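Shown next, in structure tokens, is the structure this report addresses.
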Amino acid sequence: MSNSEDEDLPQLSSHALAALQEFYAEQKQYTDLGGDDKYNIGIIEENWLSQFWYTPETALRLAEEAVAAAGEGGRIACVSAPSVYQKLRELHREDFSVCIFEYDHRFAIYGEEFIFYDYNNPVDLPEKIAAHSFDIVIADPPYLSEECLRKTSETIKYLTRGKILLCTGAVMEEEAAKLLGVKMCKFIPKHTRTLGNEFRCYVNYDSGLDCEL
């Protein structure tokens, strides 16, 4: 190739090249994950604008609650709640099945258990996800807004056979009760970073989360 042809090729700026290299490095990081490491909370970093992971203690408490509520052989749906999904998989138990419904394609490392989910299209789900096919749905709407909760509620009601565990802001208590018939629990979930709004759990069944202050 001649020098003149080289000059005609588009050149990336140093900033664009650095961003591209960072992207490829990140993709390799997720591809190289194996075994139990890929289920560690924080292995996939938070997007600080809209993602807030639970502390390991909170994720474990919610995972244990989901397993107890689902029952032996139960099916659990984690809707926009990836750290609970990760903790469920860390339990190494085979008496339940679980799916993670997420917009973030980084969680596709979890294979067939990953279901792409956009709350703006609440029931636009794969055919393999039948209506009312999960014993419990644990959901954490990505945004603290009436619209987001309303649309996520459509998904929850489509997926669940009855039981709902919702995690969202305390300011959404009235709206959550209206949309899903849930009540606030005594258990207070904690995140790895401090949130600007009080965060709570809500259920529509007799829950162990209501036994703790």
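Readers should treat all values here as calculations from the given coordinates under stated rules, not as data from a laboratory. In this text, all values refer to a predicted model and were calculated from it rather than measured experimentally. Heads up, the Cβs are rebuilt from the backbone with ideal geometry, glycines too, and the neighbour counts pull from every protein chain shown.
Applying both filters, DSSP loop and at most 15 other Cβ atoms within 10 Å, to the GluC sites (Glu not before Pro) of the range 147-201 gives E198. Sorted on the mean count of surrounding Cβ atoms within 10 Å across their residues, most packed first, peptides 87-95, 75-83 read 75-83, 87-95. Eigenvalues of the alpha-carbon gyration tensor of the range 128-213, scaled by 5 and square-rooted, set the equivalent ellipsoid semi-axes at 21, 16, 12 angstrom, largest first. In this Cβ point-charge picture (+1 for Lys and Arg, -1 for Asp and Glu), the range 115-213 has a dipole of about 180 debye about its Cα centre.
When the P(r) of the range 71-136 is calculated, the portion above 13 Å amounts to 63% of the C-alpha pairs.
Can you check what the net charge comes to around T152, using other residues whose Cβ is under 12 Å from the Cβ of T152 (Lys, Arg +1; Asp, Glu -1)? Net charge in that neighbourhood comes out at -3. For the residue pairs K87/K178; K128/K163; K163/K186; K151/K178, the alpha carbons lie more than 23 Å apart in K87/K178. Across every pair of non-identical alpha carbons in the range 141-187, the mean reciprocal distance, once inverted, gives a Kirkwood radius of 10.9 Å.
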